[in-house]
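A.B. asks: Could you have a look at this structure, given as structure tokens, before my questions?
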Amino acid sequence: MATIKYLAFEHFLVQHLEKGGLRRNELFTEMEDHGLNRLERLRYLAGLADPKEAEGPLPVNIGKEVSLTHYGVLGHSFMQSRSLEDLIQNIDRNLWILDPVRRQGLQLSKIDKQFQLIYPSPPLWPELPYFFLDLFFAALVQQSRELSGWKLTDLHLYLCRPKPDHPYHAELLNINVTYEAKQDYLSLPQETATKEFPKSISLHSPLFKAHCNALLMGMKREGNLVEQVRQQLLLHPPHLTGTEKIAQNIGMSGRSLRRKLAIEQTSFREIQKDVLRHLSHDYLLETPLSVTDIAHFLGYHDTSTYNRAFRKLTGLTPAAYRRQKFK
């Protein structure tokens, strides 16, 4: 089974430590020698930072720095979210990546016209009791802004801890923050949580373009038109998007697209299969997601349909493909 070796936050934490004089190679060697898993690595690195920073603004700043494009295949799945409520449910579904020993899922409740998001059992680090929770909420706010394109200044973060001498959360996250609350949670208006993301954000944002480019790096590079078609297919469930829709998005008729692709000795169907094969490969070999979850992320309504499609592409079922690669 494929495993996720480190979290996206690790890169930015290592960069911070390097500024303090620590050497990247030595840090990695130490973590490898001790066989630390992805969460233990993050805890180890956080423990090397200045305590005032680690229990202060550092985790908030790191959470803000990590873009969805840094999450790899997981980021692609988050990009399929249609609203903040949908994004939160998607994060909860994949919380095992952030927290391998998941104790209890996220709790999203509605009170009056507000949604309250509670992370009831985050990993406990006694030496750094606030680090993980600050990192989580900061990353969530960052992801929400990237996907929606909204400022989201109507969010409100409630924290149990005493008010710090310098209340940096509100300043760094640009949201309301209340300290000495009865529970740690993020509050957001129901209207904001359920409102669908603008299609213009989904289709044309730098975030989506950057992630498409990252995924395309692993594919065979061909003519510019072929890459444009691939980019469009990466933005939508590849098996549900037809020639006419893609042609319209890149500014030509379906007939012209088919003719131009034929000149480049390929076809829409071949590119479509290539994208599906590439995404399936990443999900199956880079994550321990179930085949059912992978089918869901790729836009299939049921696992059996995805199994049939994948078998036509590779001659194997997704489960058999995964087993064969890890023999």
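A.B. asks: Any idea how many residues of region 50-80 are surrounded by fewer than 21 Cβ atoms within 10 Å (Cβ to Cβ) and in a loop (DSSP other than H, G, I, E, B)?
C.D. replies: 7
A.B. asks: When you scan region 4-50, how many residues do you find that are among the β-branched types (Val, Ile, Thr) and farther than 23 Å from residue 63 by Cβ? Working first, answer last.
C.D. replies: Residues of region 4-50 that are among the β-branched types (Val, Ile, Thr), as a first pass: 4, 14, 29.
From what's left, farther than 23 Å from residue 63 by Cβ: 29.
Residues meeting the conditions: 1.
A.B. asks: While we're on this one: Please count how many residues of region 153-180 are part of a loop (DSSP other than H, G, I, E, B) and surrounded by fewer than 17 Cβ atoms within 10 Å (Cβ to Cβ).
C.D. replies: Taking region 153-180 and keeping what is part of a loop (DSSP other than H, G, I, E, B), we get 153-155, 159-167, 174-175, 179-180.
Narrowing the set further to residues that are surrounded by fewer than 17 Cβ atoms within 10 Å (Cβ to Cβ) leaves 153-154, 160-167, 174, 179-180.
The number of residues fulfilling the criteria is 13.
Rundown of residues vs (1) touching a helix residue (DSSP H, G or I) at 6+ places or on another chain (Cβ under 9 Å); (2) assigned to a helix (DSSP H, G or I); (3) at negative phi, yes/no style:
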{"position": "266", "(1), (2), (3)": "yes, no, yes"}
{"position": "278", "(1), (2), (3)": "yes, yes, yes"}
{"position": "284", "(1), (2), (3)": "yes, yes, yes"}
{"position": "289", "(1), (2), (3)": "yes, no, yes"}
{"position": "296", "(1), (2), (3)": "yes, yes, yes"}
{"position": "313", "(1), (2), (3)": "yes, yes, yes"}
{"position": "320", "(1), (2), (3)": "yes, yes, yes"}
{"position": "323", "(1), (2), (3)": "no, yes, yes"}
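A.B. asks: Kindly indicate whether residue 124 is within 30 Å of residue 284 (Cβ to Cβ) and either outside any strand (DSSP E or B) or among the polar types (S, T, N, Q) (or both). Reasoning before the result, please.
C.D. replies: Details: within 30 Å of residue 284 (Cβ to Cβ): no; either outside any strand (DSSP E or B) or among the polar types (S, T, N, Q) (or both): yes.
Here the answer is no, as residue 124 does not meet what is asked.
A.B. asks: Looking only at region 143-152, count how many residues are assigned to a loop (DSSP other than H, G, I, E, B) and in contact (Cβ under 8 Å) with a residue 24 or more places away in the chain.
C.D. replies: Start the filter on region 143-152 by keeping residues that are assigned to a loop (DSSP other than H, G, I, E, B), which leaves 149-152.
Imposing the further condition that a residue be in contact (Cβ under 8 Å) with a residue 24 or more places away in the chain reduces the set to 149-150, 152.
Here the count works out to 3.
A.B. asks: Of the residues that make up region 261-271, is at least one surrounded by 18 or more Cβ atoms within 10 Å (Cβ to Cβ) and either within 20 Å of residue 94 (Cβ to Cβ) or assigned by TED's automatic domain parsing to the domain that holds residue 80 (or both)?
C.D. replies: Pass one, region 261-271, residues surrounded by 18 or more Cβ atoms within 10 Å (Cβ to Cβ): 261, 268, 271.
From what's left, either within 20 Å of residue 94 (Cβ to Cβ) or assigned by TED's automatic domain parsing to the domain that holds residue 80 (or both): none.
Within region 261-271, not a single residue is surrounded by 18 or more Cβ atoms within 10 Å (Cβ to Cβ) and either within 20 Å of residue 94 (Cβ to Cβ) or assigned by TED's automatic domain parsing to the domain that holds residue 80 (or both).
A.B. asks: Out of all the residues in region 118-139, is one or more under 29 Å from residue 278 (Cα atoms) and touching a helix residue (DSSP H, G or I) at 6+ places or on another chain (Cβ under 9 Å)? Working first, answer last.
C.D. replies: Narrowing region 118-139 to residues under 29 Å from residue 278 (Cα atoms): 139.
Now restrict to residues that are touching a helix residue (DSSP H, G or I) at 6+ places or on another chain (Cβ under 9 Å): 139.
Checking region 118-139: at least one residue is under 29 Å from residue 278 (Cα atoms) and touching a helix residue (DSSP H, G or I) at 6+ places or on another chain (Cβ under 9 Å).
A.B. asks: Continuing with this model, one more query. Looking only at region 276-320, how many residues end up being out of contact with any His (no Cβ under 8 Å at 6 or more places or on another chain) and either crowded, with 20+ Cβ neighbours inside 10 Å or among the β-branched types (Val, Ile, Thr) (or both)?
C.D. replies: 16
A.B. asks: While we're on this one: Only one of (1) of a type in the set (Asp, Glu); (2) at pLDDT 90 or above; (3) more than 22 Å from the chain's Cα centre (by Cα) is not met by residue 32, so which one is it?
C.D. replies: For residue 32, the exception is condition (2).
A.B. asks: May I pose another question? Filtering region 17-41 down to residues that are free of Cβ contacts under 8 Å to residues at least 60 places away in the same chain and crowded, with 17+ Cβ neighbours inside 10 Å, which residue is nearest to residue 92 (Cα to Cα)?
C.D. replies: Keep residues of region 17-41 that are free of Cβ contacts under 8 Å to residues at least 60 places away in the same chain, which gives 17-36, 40-41.
In the following step, the residues that additionally are crowded, with 17+ Cβ neighbours inside 10 Å were identified as 17, 27, 31, 36, 41.
Working: 17: 30, 27: 30, 31: 28, 36: 24, 41: 22 Å.
Out of the qualifying residues, it is 41.
A.B. asks: So which residues in region 249-282 are touching a Phe, Trp or Tyr at 6+ places or on another chain (Cβ under 8 Å), over 17 Å from residue 315 (Cα atoms) and either in contact (Cβ under 8 Å) with a residue 40 or more places away in the chain or not hydrophobic (A, V, I, L, M, F, W, C) (or both)?
C.D. replies: Residue satisfying the conditions is 258 alone.
A.B. asks: Identify all residues within region 42-58 that are basic (Lys, Arg) and under 25 Å from the mean Cα position of the chain (by Cα); write none if there are none.
C.D. replies: In the first step, residues of region 42-58 are kept if they are basic (Lys, Arg); the result is 43, 52.
The answer is 43, and nothing else.
The values are calculated or read from the model by the stated rules, or taken from the named source; none is laboratory data. Just so it is clear, the structure is predicted and the values come from calculations on it, not from any experiment. Cβ sites come from the backbone with ideal geometry, for glycine too, and all protein chains shown count toward neighbours.
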